[in-house]
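Data first, discussion second: the structure below is written as structure tokens.
The values are calculated or read from the model by the stated rules, or taken from the named source; none is laboratory data. Not measured: the values here are computed from a predicted model. Counting neighbours? That spans all protein chains shown, and the Cβs are built from the backbone with ideal geometry, glycine included.
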Amino acid sequence: MAPKHHPTPLSGGDRKALKKELGKARAMTTILATQSVEARAKGDALIRQADRLLCHSWNKRMWADGEPIDPSPTVDQAINGGYPWLQIECSRCKTARDVDLIALTHPPTTFVHDLASRLRCSKCAKAGRRPPATLLQLAQRASRGAPET
Ligand SMILES: [Zn+2]
């Protein structure tokens, strides 16, 4: 694309003023773009902090009372907040397991508490039972051996 053409003013003073304004505008392009990148990074960091706090809050409720599980962070908020693991146990046989939230196929609007009815115990499934999972807490890393998904 051809560069934008600014008609050359007749007077020398105006030509000088135009040149100055063009220089300023070009310099501002870079400055403003840099500021935008910085503001976005700050915003991302704040959102990450908010997500982390939400996970921490939910964990405290789960530890203290174990309920209500709703409201809970979304799966994406948990991952963004640095809590990509969900520790659960089977409500029937008490088998504990770590769920890798990153590996989980989910729409971005799925809440952690939605998983209670979806995550099934494979031991109980073999016995023909489908008990819901008890949600224990969100975790920053896997606590147990090989995780199931
Ligand atoms: Zn079970």
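Can you name every residue in region 86-117 that is surrounded by fewer than 20 Cβ atoms within 10 Å (Cβ to Cβ), among the hydrophobic types (A, V, I, L, M, F, W, C) and either under 23 Å from D51 (Cα atoms) or away from the ligand (no atom under 15 Å from the Cβ) (or both)?
Answer for region 86-117, where residues must be surrounded by fewer than 20 Cβ atoms within 10 Å (Cβ to Cβ), among the hydrophobic types (A, V, I, L, M, F, W, C) and either under 23 Å from D51 (Cα atoms) or away from the ligand (no atom under 15 Å from the Cβ) (or both): I102, A103, L104, F111, A116.
Evaluate region 75-88: report whether one residue or more is more than 20 Å from A142 (Cα to Cα) and either modelled with pLDDT of 95 or more or touching a helix residue (DSSP H, G or I) at 6+ places or on another chain (Cβ under 9 Å) (or both). Spell out the reasoning first.
Filtering region 75-88 for residues more than 20 Å from A142 (Cα to Cα) gives none.
Among the residues of region 75-88, not one is more than 20 Å from A142 (Cα to Cα) and either modelled with pLDDT of 95 or more or touching a helix residue (DSSP H, G or I) at 6+ places or on another chain (Cβ under 9 Å) (or both), which makes the answer no.
How many residues, within region 118-144, are in a loop (DSSP other than H, G, I, E, B) and more than 14 Å from the ligand (Cβ to nearest atom)?
The initial filter retains those residues of region 118-144 that are in a loop (DSSP other than H, G, I, E, B), namely 118-121, 127-132, 140-144.
Still in the running and more than 14 Å from the ligand (Cβ to nearest atom): 118, 140-144.
Qualifying residue count for the region: 6.
Identify all residues within region 71-111 that are within 18 Å of P132 (Cα to Cα) and acidic (D, E); write none if there are none.
Listed by number, the residues that qualify are E89, D98, D100.
List the number of the failed condition for R97; all other conditions in (1) within 24 Å of E67 (Cβ to Cβ); (2) part of a loop (DSSP other than H, G, I, E, B) hold.
With (1) within 24 Å of E67 (Cβ to Cβ); (2) part of a loop (DSSP other than H, G, I, E, B) applied to R97, the lone miss is (2).
Which pairs turn up if I take residues in region 121-149 that are over 15 Å from A96 (Cβ atoms) and at pLDDT 90 or above and look for partners that are surrounded by 12 or more Cβ atoms within 10 Å (Cβ to Cβ) and of a type in the set (K, R) with beta carbon separation below 7 Å, at least 6 apart in sequence or on another chain?
Qualifying pairs under 7 Å: R129/R92; R130/R120.
Only one residue in A50, A45, A17 is small (G, A, S), loosely packed, with under 11 Cβ neighbours inside 10 Å and farther than 22 Å from P131 by Cα. Which one?
Working: A50 fails: loosely packed, with under 11 Cβ neighbours inside 10 Å; A17 fails: loosely packed, with under 11 Cβ neighbours inside 10 Å.
One residue alone meets the criteria, A45.
Would you check if R26 is over 22 Å from P132 (Cβ atoms) and not hydrophobic (A, V, I, L, M, F, W, C)? Steps first, answer last, please.
On the way: over 22 Å from P132 (Cβ atoms): yes; not hydrophobic (A, V, I, L, M, F, W, C): yes.
Yes.
As an exercise: evaluate Y83 against (1) out of contact with any strand residue (DSSP E or B) (no Cβ under 7 Å at 6 or more places or on another chain); (2) away from the ligand (no atom under 15 Å from the Cβ); (3) closer than 23 Å to S57 by Cβ and give the number of the one condition it does not meet.
The number of the failed condition is (1).
Considering region 1-14 alone, what residues qualify as being loosely packed, with under 10 Cβ neighbours inside 10 Å and not hydrophobic (A, V, I, L, M, F, W, C)? Talk me through it step by step, then tell me what you get.
Of the residues in region 1-14, the ones loosely packed, with under 10 Cβ neighbours inside 10 Å are 1-5, 7-8, 10-13.
Matches in region 1-14: P3, K4, H5, P7, T8, S11, G12, G13.
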